[in-house]
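For reference, the structure discussed in these notes is given below.
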Amino acid sequence: MDFSTKTIKFPQSLDHCAIAGFHQQIDEAIQSEADVLRVDFSEVEFMSSTGLMALVMGFKRVKLEQKNLFLSGVNEQVKMLLELTGMDRVFEILEGFDIENEVRPLAGNSKRSLVSAR
């Protein structure tokens with residue numbers, strides 16, 4: 001089974017405009033044909049509680065539309081925040097993910113996961 005993906009850039013700094021822009025990107029991705037939404041953290045050095053709240057709100061909206069959301073490019077500081085808040089059990093973090101490859105769910109795995117299809 002093939003999935004189409006849509007990448008959303010998480011904002012480097014989180015002011016009111018950046019959060020509004022992030023939510024707009026989430027809305028556009030939800031309305032697209034994409035089954036899988038990937039939030040790219042590659043340019044994010046620090047995430048505050050405001051950023052975490054924006055991410056959780058986006059996640060809830062994605063789930064309501066029965067789509068999947070994954071995080072990629074997550075640095076150690078962001079991972080630590082996710083772990084301390086227990087959100088690492090909610091969000092799937094893709095390690096070394098190459099968006100150029102197709103993705104498919106791992107068979108028989110109860111936790112959502114993606115593997116590269118070659």
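The values are calculated or read from the model by the stated rules, or taken from the named source; none is laboratory data. Remember, predicted model here, so these are calculated numbers, not experimental data. Please note: Cβ atoms are built from the backbone with ideal geometry, for glycine as well, and neighbour counts cover all protein chains shown. Please note that ligands, DNA and RNA were not included when accessible areas were found on the heavy atoms of the full protein model with its side chains. Shrake-Rupley method; radii C 1.70, N 1.55, O 1.52, S 1.80 Å.
Annotations for the structure displayed:
- Hits in segment 11-36 (condition: open to solvent by less than 60 Å² (accessible area, probe 1.4 Å) and closer than 21 Å to E83 by Cα): P11, L14
- Residue match in segment 51-64 (condition: assigned to a loop (DSSP other than H, G, I, E, B), among the basic types (K, R) and out of contact with any Cys (no Cβ under 8 Å at 6 or more places or on another chain)): no
- Some residue of segment 2-19 being among the polar types (S, T, N, Q), closer than 21 Å to K79 by Cα and touching a residue at least 40 places away in the same chain (Cβ under 8 Å): yes
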